[in-house]
1. For a quick check of your reading of the filter: which GluC sites (Glu not before Pro) in region 86-158 sit in a DSSP loop and have no more than 12 other Cβ atoms within 10 Å?
2. Sorted by average packing, counted as other Cβ atoms within 10 angstrom per residue and highest first, what order do 194-200, 229-235 take?
3. Please go through the residue pairs LYS114/LYS243; LYS141/LYS246; LYS172/LYS243; LYS44/LYS141; LYS3/LYS102 and name each one whose alpha carbons sit more than 29 Å apart in this structure.
4. In a shell of Cβ-Cβ distance under 14 Å around THR110, excluding THR110 itself, what net charge do Lys and Arg (+1) and Asp and Glu (-1) give?
5. So which chymotrypsin sites (Phe, Trp or Tyr not before Pro) in region 94-182 end up in coil per DSSP with only 16 or fewer other C-beta atoms within 10 Å?
6. Compare the peptides 1-7, 134-140 by average per-residue count of other Cβ atoms within 10 angstrom and give them in order, highest first.
7. A 21 angstrom limit on the alpha carbon distance is what I want to check against. Which of LYS59/LYS91; LYS32/LYS227; LYS91/LYS235 exceed it?
Amino acid sequence: MRKFYEIYPIWSAVPTELSWSHFQELIRIDRKEEREFYEQESIKSNWGYRELSRQINTKLYDRYLISPDKNKIITQSQKGLIEKQPEDLLKTPYIFEFAGLKENKNYLETDLEKALLSHLTEFLLELGRGFSFVANQQRIKIGSEYYYPDLVFYNRLAKCFVIIDLKIGKLKHQDIGQMQMYVNYYKKTQMIDGENEPIGILLCADKDDAVVEMTLGDSVKNVYASKYLTYMPSKEELIKIIKEEKELYELTQENEKK
């Protein structure tokens with residue numbers, strides 16, 4: 001109670017939409033801007049305190065900050081996430097511990113896809129606010145061939161289709177080229193006036209950042225690669241992953257400016 005009073009000394013400023021259980025989670029957060037971020041996300045995304053606890057433990061705030069153009073979240077934390085641009089949807093890494101796939105166990109991409117669809121509510125919460133499920137293995141015809149993107153979503157906040165392909169191994173340059181083809185297809189056949197261009201997200205267990213950077217280059221548009229974990233990492237491990245991804249992102253930004 002003393003901690004609660006120290007953080008929320010003015011009762012009229014306390015978000016009344018949240019329960020005492022929510023506040024027990026929130027008062028553990030020292031950074032003011034991070035706490036305000038989780039407050040607003042809990043309200044706007046209608047999180048129960050268990051989901052709030054999960055998002056805090058998986059360091060959602062920090063994972064968003066290292067994705068493209070996420071520095072603005074610091075100044076927008078009082079308003080919650082504002083995903084207006086498609087690239088604002090990204091996280092690094094995604095954490096799918098709810099899917100029930102154990103670390104270092106053999107499983108196929110179809111196993112991962114089925115596990116995520118079996119826990120669709122949790123999967124949508126991990127993807128973020130505004131996502132709606134469209135299809136899995138949706139058959140599309142390009143030329144004389146049929147292709148099957150793993151998962152297709154629509155995000156009403158970013159106003160765009162989001163195509164996701166799952167890769168259990170290290171990402172290959174062919175995977176990036178195929179995703180670019182999917183993005184181009186949805187842009188030409190599915191996009192309507194007022195929508196943003198579709199984006200493609202390649203979720204992989206591992207990736208060679210040099211290969212990703214050289215393959216994406218300047219010609220590949222609206223395609224992103226991000227890691228996923230099928231288990232809940234320790235706090236130290238997660239911080240290490242986030243730090244490495246942040247350093248890589250900052251280095252990439254510096255190279256683009258040169």
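1. Working: sites: GLU87, GLU97, GLU103, GLU109, GLU113, GLU122, GLU126, GLU145; in loops: GLU103.
Filter output for region 86-158: GLU103.
2. On the way: 194-200: 18.1, 229-235: 15.4.
For the peptides 194-200, 229-235, the packing ranking is 194-200, 229-235.
3. Numbers: LYS114/LYS243 31 Å; LYS141/LYS246 38 Å; LYS172/LYS243 24 Å; LYS44/LYS141 38 Å; LYS3/LYS102 37 Å.
Those over the limit are LYS114/LYS243; LYS141/LYS246; LYS44/LYS141; LYS3/LYS102.
4. On the way: positive: LYS114, LYS167; negative: GLU109, ASP111, GLU113, ASP150, ASP165.
Result for the neighbourhood of THR110: -3.
5. Working: sites: TYR94, PHE96, PHE98, TYR107, PHE123, PHE131, PHE133, TYR146, TYR147, PHE153, TYR154, PHE161, TYR182; in loops: PHE96, TYR107.
Answer in residue order: TYR107.
6. Details: 1-7: 10.3, 134-140: 14.1.
The most tightly packed comes first, giving 134-140, 1-7.
7. Values: LYS59/LYS91 11 Å; LYS32/LYS227 28 Å; LYS91/LYS235 17 Å.
The answer is LYS32/LYS227.
Read-outs: derived from the displayed coordinates by stated rules, not from any lab. These numbers were taken from a predicted model, which means no experiment stands behind them. Virtual Cβ from ideal backbone geometry, glycine too; neighbours counted across all protein chains shown.
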